[in-house]
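S.K.: Here's a structure for you.
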Amino acid sequence: MECNTSLTTPDVIFIGAGPVGLWTAIQTKLLEPKLHILMFEKHPQYQRSHPLKMSMTSFWNTINDTEFQRLIYSMLGKKISTNDIEQSLLTFATKIGIQILHSHIDNPMSFINTYYPKVKVVVGSDGSHSIVRKTIFGDKFAYNYNLKYIADFRYTINSVTDDSKQRKKKKKLQKHNDDDCNDEHDRQYDNDYDKEYECVTKNKDNVTEITTRCFMSEIEYNKLKHGNNGMKATFKDPATYNEQFVNLVPEVCAKFTNKVTKQKHTITSPITVTATHLDVYKCEKVVMTDANGRYWLLVGDAAFAVPYFRALNDGLLAGSLVARKIVETISPYTNIYNFLPMRLANNIYRTTKALFISSDPIYEYQYWFDLLSHYETSKANVKTLFVESSIVEYSSFK
Ligand SMILES: Cc1cc2nc3c(=O)[nH]c(=O)nc-3n(C[C@H](O)[C@H](O)[C@H](O)COP(=O)(O)OP(=O)(O)OC[C@H]3O[C@@H](n4cnc5c(N)ncnc54)[C@H](O)[C@@H]3O)c2cc1C
């Protein structure tokens, strides 16, 4: 195990240096540069590379630092993949003095008690299979359920040309995405009357990678997930689309062929299929204090996830708030606002609160988190109904 050998105890430790962890750590450091922030990350190289759609609203309440705002600006208005975001954040974090060590933490409480007993705040930013959530928060969910089962058909076609149909589609999508800066030519979503939608992810060397998603029943999902006659369709073990596969799940394959026929795509590679599910979950608690008076927090996928391209966006929103609450709690004399009227209002608010309310600012995150997650979950439920009923184009909900 690689451990921090410096003599100073870190003020804040992050377990997991994915995009949300880095984002939160950076803003904590920018707010109070004196804080020693240490992150533990199990992988030397970030593992995710899917393209992302960054919403303008995710940058609400971010720290007003010129370099940081420049970094945010660089994420907007172009195709961006998870590992590009990760890399930019990692470079920035290292530059401002956040320490990152590569280590797999499998027992957070005993690790912290052994090596960093005096740390004030530990943040679990370790993704959807969070060990912090499991061991510290007891894996208790306010809810955790499946919204839909989907089959992802992956293949390549010759590059999508910008013909008049494409341009029309692009214009239509842009109309629905006025506040969401993304490159529609690189990433397009669509749904048709067969409840399917498409994600065009890369356009490289005259070849475009396509993922066509089709909803399927639980029975079909179970056949593909658990294997049938030696045929599975999992992320680790994708199925090849062939006659045997069609015989196994004919209905979802019919939806797929229908879609491809309408698109008039000429497929240039073998088609692979993975079965997956769109889940919604929310942790019951995202803040707690342990027996040593140390705060534990959950952010990002460790705390909450919704499908339909909102999970990272929500993680970033939450991260900006968490950073402020951490600094307010452990460094109460730091002024967390740059804007003078906000500073004055904040001073009055904090003095009043300190006099009359005993709870720690960090617990305000729980309240805010409950509001955000309920709002996003309701939105995801409604989107599912719309996608299913196909009354409205899926793209209009982006
Ligand atoms: C195919 C796909 C498409 C998506 N598209 C979108 C989209 O368009 N818009 C959107 O908002 N969201 C999208 N998402 C969701 C988004 O990718 C996630 O919400 C986001 O990556 C979560 O970031 P995170 O930092 O919370 O967690 P992660 O990215 O999972 O990072 C967690 C980090 O913690 C590390 N870690 C885990 N356990 C330990 C441990 N025990 N010790 C040390 N380190 C540990 C991991 O190695 C990892 O680096 C998509 C997800 C998928 C799978």
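Just so it is clear, none of the values below were taken in a lab; they were calculated from the coordinates. None of these values were measured; they are calculated from a predicted model. Please note: Cβ atoms are built from the backbone with ideal geometry, for glycine as well, and neighbour counts cover all protein chains shown.
S.K.: Which entries in Lys225/Lys262; Lys148/Lys379; Lys134/Lys383 show an alpha-carbon gap greater than 21 Å?
M.R.: Check vs 21 Å cut-off fails for Lys225/Lys262; Lys134/Lys383.
S.K.: I would also like to ask the following. When only alpha-carbon atoms are used, what values of Rg and Dmax, in angstrom, describe the stretch 35-105?
M.R.: 13.3, 36
S.K.: I've got another one for you. For the stretch 29-76, take N as its residue count and report Rg(C-alpha) divided by 2.2 N^0.38 Å.
M.R.: That ratio works out to 1.45.
S.K.: Okay, moving on. Would you please state the base-10 log of I(q)/I(0) at q = 0.18, 0.19 1/Å for the stretch 12-140, with intensities from the Debye formula using one equal scatterer on every alpha carbon?
M.R.: Normalising to I(0) and taking log10 leaves -1.03, -1.13.
S.K.: Arrange the following residues from fewest to most other Cβ atoms within 10 Å of their Cβ: Leu147, Leu372, Leu385, Leu38.
M.R.: If I rank by nearby Cβ atoms, fewest first, I get Leu385, Leu372, Leu147, Leu38.
S.K.: Name the residues whose placed amide hydrogens come within less than 5 Å of the amide hydrogen of Phe141, ignoring near sequence neighbours (fewer than 5 apart) on the same chain.
M.R.: Glu284
S.K.: Right, here's the next one. Using a basic spin-label model with each label point 7 Å from the Cα along Cα→Cβ, how many nm lie between His102 and Thr289?
M.R.: 3.8 nm
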